[in-house]
Structures are given as C-alpha cells and as structure tokens.
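Here the structure is laid out as structure tokens; the discussion comes afterwards.
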Amino acid sequence: METTSRVGAQAPAADGTAQAVPSARRTVDGYLLAPFPWYGLDEAFTGQRWLMQVGATADGSVEHGSIGHGDEPSVRAEGSLGNSDKERFAVVVTVAANPVRRSADGTGLLEATSVSSAAWLAGVGLLSYTWPGQMDHSLRDDWLDQQTETAWVLADDLEGSDWSTLSLPVDGVPTPFHYRESEYGWVLAGSTEQGVHLGAYGRGMSAYGLGFAVIQDIGAYA
C-alpha cells in the first residue's frame, strides 16, 4: 500500500492521553507549521470545534492532524455505546498528499501518503476511544494492537466489501468517499482538490449529512 508507514503516520496514542488533554491546553503552533490547508466540517455545523493533535516526521515536517467537532469524546467501553446519552462527535483528519521521498537522515524512503493513509488514521483514531466493556484494562493494549492491525488491513483494501461509497460535499463540490460502519462508530476517507486526503470518524453523529471545507483561519482556534 502506498501510504505513510505505521511508524511515520504517528497514530493517536493508544491510551487516549493525547486526545484527552483539554482543548484549552492544546496549542495551534503545530497546525500553523503545516504547508497544506486544514479541513473541518463546513459552516452547516454550528457546534463546538476543538484542536486535537498533529503528526510530524522526524525532521519536524507536519504530515497530518485532526480537528474535533461536537462533544469531546472520552474513552468508552463497547457496552456503553448503546446508551441514549452517548457522546456525539465527528473528527476530521487532514493528511498531506506526499509522494515517496527520502527520510530526514537520508538512510531510507518514506512511503507515499494516500487515501488509505487517511482511512487508517481515522480508523485508529476511533479505536483510541473504545474498548470492549468486558475486557480488563491490563488487556487493552493487546486488544488495541489487534484492532489497529485490522484497521490497517481494512484501509489497504478500500475497494473491498467492508467499504461502501458515500458522496459528500468538499468545498461545495460533491466528492466520493469510502465509508464503513462498526459497533464503535463510523469511518470515511477520500481526497480533495486542494492536494490533501481527508479521513473522518465519529459516533452519535450521522456521517450522511456532513460536509467539509477548508478552515480559513486555524489560528482562530487558539
């Protein structure tokens, strides 16, 4: 798969600590270093928006990052997902469309990013807030490793039966996305005309009515 490697992609932290930091303590600095535009939900969404985290290569080049919308999610056990008071959120992941290129130390190559990169980051992002309710905390790392591998396999087969196609507006233009649902929530991924790939995941908020647009002033999130 032509995608950022699992090491280079810097998936959300397995224990959820990176996302659990209150938005007031997150900074916009990393986002401002990105050479590509950031995406979020379009103006039809009028709820809360918040910074999450960025992922960068060893030389500090920002490659991807996430913007949250709605309720800031906490780690939830699978058994609680059916509750009527479940959190409603959608997270948009922006991934720079990078070709195959040399690593910062010149000793190897970094794989190209693709729609699959966005799909994998979104899938792992959703998993970072979930674990089976019957599972002991001490076993969660093993479960997360297994599910992360599954998310990788699914992202590598976007034309497979686990995915359907969903058309959503991006900057007002109907755009095809790969879409799948699970007991944990939903995940989608596609590309934009602005040279970035988009991933998104959420729970309690339907993906079918969403639209995406460039964030005109990411600095306003500070």
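Structural remarks
- Packing-based order for 167-174, 62-69, 209-216, using average beta carbon neighbours within 10 Å, highest first: 62-69, 209-216, 167-174
- Under 11 Å, Cβ to Cβ, from Gly211 - net charge with Lys/Arg +1 and Asp/Glu -1: -3
- Three-way shape call for the range 133-222 based on the alpha-carbon gyration tensor, with the a/c threshold at 1.5: prolate
- Asp142-Asp162 FRET efficiency (beta carbon distance; Förster radius 22 Å; 0.05 resolution): 0.45
- Here the calculated FRET efficiency for Val153 and Gln48, from their Cβ-Cβ distance with R0 = 35 Å, stands at 0.55, rounded to the nearest 0.05.
- For the range 135-222, the relative contact order comes to 20 percent (Cα pairs under 8 Å, sequence separation of at least 6).
- For the range 119-200, applying the loop criterion from DSSP together with a ceiling of 10 other beta carbons within 10 Å to the GluC sites (Glu not before Pro) yields Glu159, Glu183, Glu193.
Each value in this text was obtained by applying a stated rule to the coordinates, not by laboratory testing. No experiment lies behind these values; they were computed from the predicted model shown. Note that we place each Cβ from the backbone using ideal geometry, even for glycine, and neighbour counts take in every protein chain shown.
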